[in-house]
1. Given the residues LEU17, LEU26, which is the only one that is in contact with a strand residue (DSSP E or B) (Cβ under 7 Å, 6 or more places away or on another chain), modelled with pLDDT under 85 and aliphatic (A, V, I, L, M)?
2. Contact list please: Cβ distance under 9 Å, first residue in the stretch 28-46 and assigned to a helix (DSSP H, G or I), second residue of a type in the set (A, V, I, L, M, F, W, C), pairs at least six apart or on different chains.
3. Taking into account only those residues within the stretch 31-81 that are of a type in the set (Lys, Arg) and out of contact with any helix residue (DSSP H, G or I) (no Cβ under 7 Å at 6 or more places or on another chain), which is nearest to THR13 (Cα to Cα)?
4. Within the stretch 3-21, take every residue that is part of a strand (DSSP E or B) and over 13 Å from the mean Cα position of the chain (by Cα) and give me the one that is surrounded by the fewest Cβ atoms within 10 Å (Cβ to Cβ).
5. All but one of (1) surrounded by fewer than 10 Cβ atoms within 10 Å (Cβ to Cβ); (2) in contact with a strand residue (DSSP E or B) (Cβ under 6 Å, 6 or more places away or on another chain); (3) aliphatic (A, V, I, L, M) hold for ILE55, so report the exception by its number.
Amino acid sequence: MLTCLYGTKGSITVQVLNKGEMVVILENDWRAESHPTAQNVHQPLIEDFVESVLINREPKVNGETGRMVAEIEEKIYENNN
């Protein structure tokens, strides 16, 4: 299933959601990214959060980013109903 997310400055295209590969297009540039998949999709975020607490650093996905993602997901669900 092809999934696309369009924004005012670019887009992200994902061929298979759980495969970890995507294409990011920004105004005059593009790149392909590959991210390792986990058996539990939440595990890498939890591991990073625990590590960030243990060594006193900002997690890779902080609360502000998490809130923005939740708001985007909420809009997506609203538009699909």
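1. Only one candidate qualifies: LEU17.
2. Hits for this filter: PRO44/ALA38; LEU45/VAL61.
3. ARG31
4. TYR6
5. Failed condition: (2).
The values are calculated or read from the model by the stated rules, or taken from the named source; none is laboratory data. None of these values were measured; they are calculated from a predicted model. Backbone-built Cβ (ideal geometry, glycine too); neighbour counts: all protein chains shown.
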